[in-house]
Each structure stands twice: as C-alpha cells, then as structure tokens.
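Peer 1: Can you keep this structure in mind? I'll have questions shortly.
The values are calculated or read from the model by the stated rules, or taken from the named source; none is laboratory data. All values derive from a computational prediction rather than experimental measurement. Counting neighbours? That spans all protein chains shown, and the Cβs are built from the backbone with ideal geometry, glycine included.
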Amino acid sequence: MRRFLVLFLCGLLLTGCSALGPLKEAASGIGEYFGASDNADPPAELKDFEPAVKMTVLWDVDIGKGYAEQYVNLVPAVTEDKIFAADRKGEVQARSRLNGDKLWSVDIELAVSAGPVAGEGKLILGTSNAEIVALNDGDGSVLWKTNVSSEILALPRVEGDTVVIRSSDGRITALDENTGGTRWYHDRTIPALSIRSRGSPTIADDFVLDGYGSGKLIALNLTDGKPEWEATIALPHGRSEIERLVDMDSDPIVKGDTIYVTGYQGGVAAVSLKDGDVLWRQAELSSYTGMAAARRSLFVTDASSDVWQLDVRNGADLWKQDELHFRRLTAPALVKDYVVVGDFEGYLHLLSQEDGSLVGRVRVDKSPIAATPVVFDDVIYVYTSGGTLAAIAVEGSSGNSPDDRLRLEGASGRSPDDRLRLE
C-alpha cells in the first residue's frame, strides 16, 4: 500500500510549488484518501460466497507489456466486429470481438499513454510525449501524427470530423480528424497542486464539457472553442493544501438535458446542460474514478471504493455496498441488470442494481484492473494493467452462440477449464 502511495504522489501534477510543506500535507491527505496511511483500513479481504450469477471468460489474450507499471490510461476500443488495444511500449493490436483472434498488430514505437479511441475508420491515441497519432483501423498504418502542448492522459474524444484532446497542462485542443490540423485550443489556469487525472472531456449537444481544478465545470463550443458557460460545483476550503484541493476530474456524464459530474473532494452534482445551473449537489461523496448512469439512478465508486446508488432526481443515496472497501475499484459499468467494477487484484465484481448485493465474481488475471470495464452487446471487455485483454459474459447475455464463445483454443496459455473457472 505504501508503494501505491508513492506511485500516486508521483502522479500528482505539482506546478509552482516552492516549498516542501504543501507536499508533506498532500502526502498525508492523499494517503488517507486512498487508504494508504498507517491507521487506515486495509483492503477488504474477499469472502467466499455462492455466486447467484455466472460470469464466464469467453476468451483472453496478451497485449504486449500492458501498462508497464506506469500511470497511464489504456482502455480497449470496441466496435461491432473488432476490439483494439495498445500497450505502453507502442504495440497496437486489432482482435476479433467475438473470439479474440488477432487481425493485425503494429508497433508504432511511441510511449502510448491514452487510448485507443475509435473514430470513423481510425484509431486515435495519445502519448506521454504530447503526440496524437491516428491509425487506420483496417491495418494499423499511421495516417497522421501531430503534437499538442503536453502529455496526454485523458482519452481523446471524437465527434464527427473533430478530435478533442485535453492535455495534462489543462489545454483543450480540437483537431481535424482527417488531417490532425489544429482547429482551436482553449487554455486555462490550473491550481498549484492538482490531480494528475485520467478523467476525460465529454461531448454533448455541440458542447465540450470538462471539469477541472478549483471545482469548476466548463462548456466550450465544439465549433470554435469559445466558452458557453462555466459552473462552480464545489469551493475549496480548509487549512492545508490538500484540504483545499478540489478537482472535478472524472468524466462528465450526460443523460438527456442534465450533466452529472464528480471529482476529488468535489461531491456529486447534477448540472443543466443548457446553462450550467447546478440542480443539486450531494456533498458527502467524492470519487476520483467516476460514475455510471441508468435511467433513474447514478452508480458511484467513492474514494474508499464503496459503491453507491443515487437517485438522479436529487442525489439521495438508495444503497451502499461496502464489502469491497479500499480494493481500489474502477468506476462502475452497467451490464444488463447489474453493476460491474474491477479491482486491484484483477477481479471483476458483479453487483445487483436493485440492492447492491454481490452476485458474481471472476478473476481476469493477477494484475490491477485500472480502467473502467467496457460493455458492448451485454459482454464485458477489460484490459488489465498487466496486458490481459478479456471478454466476459454474464449469465443470459445476448450475442454469439455458446459454441462461438467456447472457441478458446489458441487464445491464450490458459486451458479452457481455467478460462471458465468461477473464482
């Protein structure tokens, strides 16, 4: 746990700090926030239980070196018939979504830090050296490469023929998807101490929505980058630097005409998409990973890795699941009638949306699942920090037939019995 604290502190973006005092305060506060201080609760031990819902690993394969023990944001991109993944060293692969068969593999020889994200016939990736690269999704060939202002951890967002990038210095840049040329950029001031976040902007109704330091949410016009409105979600307060650190750093979620946003020490809030009015705020919860939204509910993984269901109308809590306390859970994803989260030991946990009870569990590998699981056609796709890309079915999932799902030979070094093992 101390090793995790050191790695996380290295991930803090420290700008303009002239003394060690704030850093010491940050170490103490961040440690408590992530459960790494000496007097904090340890990660909850998993208890044996009889799963009510079967989770089956359909296939799993290795994709290069995975995260290579770096703080990056590598997630699979899923389309109708393909799934794409990249490792930290620059290996990018395309696989069949149904059985994991390799379609192509290329080495772009770049320090990939974010992506890939699927565009129109393209894959968009960001690097630690401030590069944005577009690949042909049919064969992996490089279509264009351009530079932005700093490292990329946020996932690129594609809308029409525009790619929106948020770099670690806070600048938001819009690129032409066909050429990589810059259309506009928006600079903003970031606090002296801020979170080096994996959170990414969201595009909705021709707005680019992004949360940032000091508890703010901004809407930019997608066409020209001009600010449409800015909302203050939470105000910094407290005596120490870490107490005053408020960062709306997780992905904004849009449902209808409402934006739902959360972040480090920022609470959870509902905001009007039209004008930025704050409709309600649940101040008791904070999340550095993010949320998922159903028609009537929000599902939030909080700072202690407890999972909550909130009422979308007013933020009232409906249930709380704390059996996975401090297991460094991902943001939730929704599959059928369930909530799925990954943890630091490579487990996927399935919760009932109705009451939060644990109903299923399967282990993908022994390395952390840091990125939110991706759900497509009722199948869960995960890419672990150790480099395992896997497809997991939940009992009753739609999609390919059982015979197709069980064509596992050659997919990895595990035997079929191992792949189908319920943990």
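Peer 1: Which residue is surrounded by the most Cβ atoms within 10 Å (Cβ to Cβ), if the candidates are limited to the range 235-250 and must be over 21 Å from residue 292 (Cβ atoms) and free of Cβ contacts under 8 Å to residues at least 60 places away in the same chain?
Peer 2: Going through the range 235-250, the residues over 21 Å from residue 292 (Cβ atoms) turn out to be 235-246.
Still in the list and also free of Cβ contacts under 8 Å to residues at least 60 places away in the same chain: 235-239, 244, 246.
Details: 235: 10, 236: 16, 237: 10, 238: 13, 239: 8, 244: 18, 246: 28.
Per the criteria, the residue is 246.
Peer 1: Something else about it: If I ask for residues that are within 17 Å of residue 294 (Cα to Cα) and either touching a helix residue (DSSP H, G or I) at 6+ places or on another chain (Cβ under 8 Å) or buried (at least 22 other Cβ atoms within 10 Å of the Cβ) (or both), which ones from the range 251-269 would you list? Give the derivation first.
Peer 2: Within the range 251-269, the subset within 17 Å of residue 294 (Cα to Cα) is 251-262, 268-269.
251, 252, 259, 260, 261, 262, 268, 269 - these are the residues of the range 251-269 that are within 17 Å of residue 294 (Cα to Cα) and either touching a helix residue (DSSP H, G or I) at 6+ places or on another chain (Cβ under 8 Å) or buried (at least 22 other Cβ atoms within 10 Å of the Cβ) (or both).
Peer 1: Residue by residue through the range 94-124, note down the ones that are out of contact with any Leu (no Cβ under 7 Å at 6 or more places or on another chain), surrounded by 22 or more Cβ atoms within 10 Å (Cβ to Cβ) and either among the hydrophobic types (A, V, I, L, M, F, W, C) or within 15 Å of residue 67 (Cα to Cα) (or both).
Peer 2: 124
Peer 1: Taking residue 224 and the conditions (1) farther than 22 Å from residue 301 by Cβ; (2) surrounded by 16 or more Cβ atoms within 10 Å (Cβ to Cβ), which numbered condition does it fall short on, given that it satisfies the others?
Peer 2: (2)
Peer 1: On to the next question. Could you tell me which of the residues 58, 46 is modelled with pLDDT of 95 or more, in a loop (DSSP other than H, G, I, E, B) and at negative phi? Explain how you work it out, then say what you get.
Peer 2: Details: 58 fails: in a loop (DSSP other than H, G, I, E, B).
Every option except 46 fails the conditions.
Peer 1: Can you pull out every residue in the range 175-207 that is aliphatic (A, V, I, L, M), surrounded by fewer than 24 Cβ atoms within 10 Å (Cβ to Cβ), in contact with a Gly (Cβ under 8 Å, 6 or more places away or on another chain) and within 27 Å of residue 121 (Cβ to Cβ)?
Peer 2: Listed by number, the list is empty, since nothing qualifies.
Peer 1: Suppose we filter the range 127-148 for residues that are more than 22 Å from the chain's Cα centre (by Cα) and surrounded by fewer than 16 Cβ atoms within 10 Å (Cβ to Cβ); how many remain?
Peer 2: Adding up the residues that qualify gives 7.
Peer 1: Residues that are at pLDDT below 95 and more than 24 Å from residue 386 (Cβ to Cβ): does the range 123-139 have at least one?
Peer 2: In the first step, residues of the range 123-139 are kept if they are at pLDDT below 95; the result is none.
No.
Peer 1: So, in the range 74-91, exactly how many residues are acidic (Asp, Glu) and either over 15 Å from residue 104 (Cα atoms) or touching a residue at least 40 places away in the same chain (Cβ under 8 Å) (or both)?
Peer 2: At the first step, the residues of the range 74-91 found to be acidic (Asp, Glu) are 80-81, 87, 91.
Now drop any that are not either over 15 Å from residue 104 (Cα atoms) or touching a residue at least 40 places away in the same chain (Cβ under 8 Å) (or both), which leaves 80, 87.
Adding up the residues that qualify gives 2.
Peer 1: Then there's this: Of the conditions (1) closer than 18 Å to residue 383 by Cβ; (2) surrounded by fewer than 22 Cβ atoms within 10 Å (Cβ to Cβ); (3) of a type in the set (D, E, K, R), residue 336 satisfies every one except a single condition; which number is it?
Peer 2: Here residue 336 meets the rest and fails (1).
Peer 1: On to the next question. Considering each of 195, 152 in turn, give the residue that is in contact (Cβ under 8 Å) with a residue 40 or more places away in the chain and hydrophobic (A, V, I, L, M, F, W, C). Reasoning before the result, please.
Peer 2: Values: 152 fails: in contact (Cβ under 8 Å) with a residue 40 or more places away in the chain.
The unique qualifying residue is 195.
Peer 1: Let me ask another. Kindly indicate whether residue 48 is surrounded by 19 or more Cβ atoms within 10 Å (Cβ to Cβ), of a type in the set (Asp, Glu) and not assigned by TED's automatic domain parsing to the domain that holds residue 138.
Peer 2: On the way: surrounded by 19 or more Cβ atoms within 10 Å (Cβ to Cβ): no; of a type in the set (Asp, Glu): yes; not assigned by TED's automatic domain parsing to the domain that holds residue 138: yes.
No, not satisfied.
Peer 1: Let me ask you something else. Can you find, within the range 76-90, the residue that is nearest to residue 126 (Cα to Cα) among those that are surrounded by fewer than 19 Cβ atoms within 10 Å (Cβ to Cβ) and not basic (Lys, Arg)?
Peer 2: The residue in question is 90.
Peer 1: Among the candidates 74, 20, which residue alone is modelled with pLDDT under 50 and of a type outside the set (S, T, N, Q)?
Peer 2: Details: 74 fails: modelled with pLDDT under 50.
20 is the lone residue from the list that is modelled with pLDDT under 50 and of a type outside the set (S, T, N, Q).
Peer 1: Could you figure out which of (1) within 24 Å of residue 395 (Cβ to Cβ); (2) crowded, with 19+ Cβ neighbours inside 10 Å; (3) out of contact with any Asp or Glu (no Cβ under 9 Å at 6 or more places or on another chain) isn't true of residue 294?
Peer 2: Just one mismatch for residue 294, condition (2).
Peer 1: Residues 300, 379, 339: which one is at pLDDT 95 or above, β-branched (Val, Ile, Thr) and within 23 Å of residue 201 (Cβ to Cβ)?
Peer 2: Numbers: 379 fails: within 23 Å of residue 201 (Cβ to Cβ); 339 fails: within 23 Å of residue 201 (Cβ to Cβ).
Among 300, 379, 339, only 300 is at pLDDT 95 or above, β-branched (Val, Ile, Thr) and within 23 Å of residue 201 (Cβ to Cβ).
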